[in-house]
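Working notes, structure below.
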Amino acid sequence: MRRGRLEALRRVTAERRAPAGTGGGRDRTSRPPVSVVPAAPAAGTGPREGGPGKGEREPSRLWHITLSVSGVRTPPAEVRRGLEQLAHDHPFLLTGRYAADHAEIRYWEEARDLHDAAAVALRLWGEHRSTAGLPPWEIVGLEVVDRETYHQRVTEGYGPPPVSPVGVHPF
C-alpha cells in the first residue's frame, strides 16, 4: 500500500472514531462523509517530466539487476539460508551465487527508469538483511541494464550467460 493511501486511510479512520461535537465524528442520522482520495499511479505510470505532452505516462520497463556484496567470512550454510529466504521474500530473484565472503544476486526489476531501478536495487540488501538473515555485508557492485541490452549481450555472446539454473548456488 502506498504511503499516501495509508495516510488517507488513517485520517478517515481517525475521523470516524472522533467523539461527536469535535468535528470529526459522524452524526448517526446523516450519511458518512465521503473522502475522495485519488489513487496513486502504479509504478512507472506517473507523468513524464519533460515528456511530449501533458498527462502522458511513461510505461514501466524491465531492468536486469546484478548486485554484488562482500564482507567478513560467514559460514556458507548461513549465506545460503539467507539467500534462499531473500528469494522467498523477493520473488523476482532469479539466481543467487555465494561463497563465504561474497555473493551475487541477479533478478528482474520493473521500474520507470534506470534511476528508480538502481535505487530499489541499492536498498534491497539492507532492507532484507534482518528479515532474511543476510550477512552484514556491503554492496560492492551494481549493474543495471535494460531488457533489450541484456538480450543483445546474450545473443552476441557478451556479458554474463543467462541465469540458469534458477535458484541459490555456490560459486
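The label point for L114 and the one for E78, both projected 7 Å from the Cα toward the Cβ, are 3.7 nm apart.
The length gained on full extension between R153 and V140, counted as 0.36 nm times the residue separation minus their Cα-Cα distance, comes to 2.4 nm. Computed with a 1.4 Å probe over protein heavy atoms only, the accessible surface of segment 91-159 comes to 55 Å² per residue.
The values are calculated or read from the model by the stated rules, or taken from the named source; none is laboratory data. Just so it is clear, the model here is predicted, and its values are computed rather than measured. Positions of Cβ are backbone-derived with ideal geometry, glycine not excepted, and every protein chain shown enters the neighbour counts. The area values use the complete protein model at the heavy-atom level, side chains included, leaving out ligands, DNA and RNA. Shrake-Rupley method; radii C 1.70, N 1.55, O 1.52, S 1.80 Å.
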